[in-house]
1. Treat the count of other C-beta atoms within 10 Å as a stand-in for reagent exposure and order 117, 345, 369 from fewest to most.
2. Which of 10, 249 has the fewest other C-beta atoms within 10 Å, and how do the rest follow up to the most?
3. Between residue 205 and residue 289, what is the label-point separation in nm under the 7 Å Cα-to-beta-carbon projection?
4. Using all alpha carbons of the chain, what is the percent of pairwise distances in each 10 Å bin, ordered from the shortest bin to the longest?
5. Which one, 310, 254, 34, projects farthest toward the positive side of the charge dipole computed for the chain from Cβ point charges (K/R +1, D/E -1)?
6. Which GluC sites (Glu not before Pro) in segment 71-127 sit in a loop by DSSP (not H, G, I, E or B) and have at most 12 other Cβ atoms within 10 Å of their own Cβ?
7. Using 7 Å Cα-to-Cβ label points, what is the residue 151/residue 47 separation (nm, one decimal)?
8. Quote to one decimal, in nm, the extra length available between residue 76 and residue 298 on full extension: 0.36 nm per residue of separation minus the C-alpha distance between them.
Amino acid sequence: MPQNAGIYVHIPFCASKCSYCDFYSLAGQNDLMPKYQQALLHHIAEFAPRLSDYTIDSVYFGGGTPSYYGADRIIELFEEMKKRYNVLVNSEVTVEVNPDSVNLANLKKMRRDGINRISIGVQSANDEILKFIGRRHNYAQAEKAVEMAQKADFKNISVDLIYGLPTQTREDWSDTLTKIFALHPQHISCYGLKIEENTPLYLYKNAPEIPDDDMQADMYLYAVEQLEKYGYKQYEISNFALPGYESKHNMKYWTIDEYAGFGASAASNLGNTRYTYVKHVEDYIEAVLGGGKIVAEFEEIEDYEKASEYLMLGLRTTHGISEAEYRKIYNSNFDKIEELLESYRKAGWARFKSGRWSFTPSGFLISNRLISEVIDLHISQKFNYDSPWNKRDYYETLI
């Protein structure tokens with residue numbers, strides 16, 4: 001029976017860079033778009049035999065700004081996939097768009113081609129804050145983008161928001177959420193601002209304009225409470241959806257399912273291998289069309305490492321982790337990990353339900369620390385798993 005896999009395509013082009021953005025993206029290099037498109041089409045076709053045993057149930061065009069790259073190019077790439085791969089008719093196909101680079105005609109064009117999910121980068125309903133962080137749109141344009149997507153017959157619309165933005169207050173954040181609820185998107189992502197060293201916003205890292213940790217925590221917990229009130233179920237630290245509208249593609253990352261990436265800096269997870277392509281657009285084009293080196297990083301994943309990722313990623317979701325799943329990946333004792341999780345439960349950071357452990361909203365707030373402690377405990381047990389006595393006991397259970 002064919003396995004399911006996802007496809008991710010990285011579109012690194014933008015009209016301009018936002019002050020907080022640390023993703024690989026390029027502004028003002030539109031002249032590279034035609035060659036990049038040629039490289040993507042060639043790569044998708046060339047890679048087809050590797051996915052011949054898979055059915056594709058999710059496709060995600062991320063960036064950068066795919067809507068700036070153009071609907072015609074996105075459609076051409078998707079058509080190539082449909083021709084080369086076994087793309088399920090009901091697969092989830094997402095395109096990221098920005099309000100300033102999308103219009104009704106292109107949305108309708110993409111919808112007719114089978115693209116059925118749109119992710120809109122709104123970030124805030126406060127125009128002054130949007131301008132401060134380098135966004136090219138105002139809130140009226142964001143509102144119009146959602147309305148156009150609905151008019152184009154998109155039934156699955158996601159909105160990205162950021163809290164902890166410069167000069168943002170609790171009242172600003174509340175106003176943003178209230179206005180977004182009025183638009184009735186099916187999915188809402190709420191990300192806490194992270195100020196990275198190589199971004200323009202880094203100048204403000206310790207400035208009074210930036211909400212402190214306590215304020216960010218308050219904004220996060222307020223969002224969780226309000227989103228639940230309006231019917232959006234939290235299924236990951238930063239992601240909330242109406243029932244049935246969880247992102248199928250992003251869940252592949254959090255449940256360690258398989259996916260293939262295309263484009264500069266794109267990552268793949270197929271079988272027991274992980275690899276990432278060269279980061280720069282020119283290098284990617286040269287590698288694909290000129291026969292150069294395309295893979296920048298490659299590794300084979302052992303069961304022990306898979307178990308580490310299972311713990312780390314599973315605890316980011318409200319579905320959480322279980323002893324049975326952990327031992328299926330990596331046959332090691334779960335007792336110590338369970339003791340640690342029990343201590344989190346007593347502190348109000350974790351919950352145990354139907355045999356599964358997951359974090360509460362308060363636990364998600366400090367999840368980096370908590371997950372690190374769980375992983376450290378997992379690492380400390382590696383010796384026991386590698387010993388011949390452990391393996392002997394494990395094999396005896398199979399006889």
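Bear in mind these aren't lab numbers, they're just calculated from the coordinates by the rules spelled out. Being a predicted model, the structure only gives us computed values, none of them experimental. With ideal geometry, Cβ positions are generated from the backbone for all residues, glycine too; neighbour counts draw on all protein chains shown.
1. Starting with the residue having the fewest Cβ neighbours, the order is 369, 345, 117.
2. Starting with the residue having the fewest Cβ neighbours, the order is 249, 10.
3. Using points 7 Å along Cα→Cβ, the separation is 3.9 nm.
4. Pairs per bin, as whole percents: 4, 20, 29, 27, 15, 3, 0.
5. 34
6. Here no GluC sites (Glu not before Pro) fit, given the DSSP loop and packing criteria.
7. In this crude spin-label approximation the distance works out to 3.5 nm.
8. This chain segment gains 77.0 nm when fully extended.
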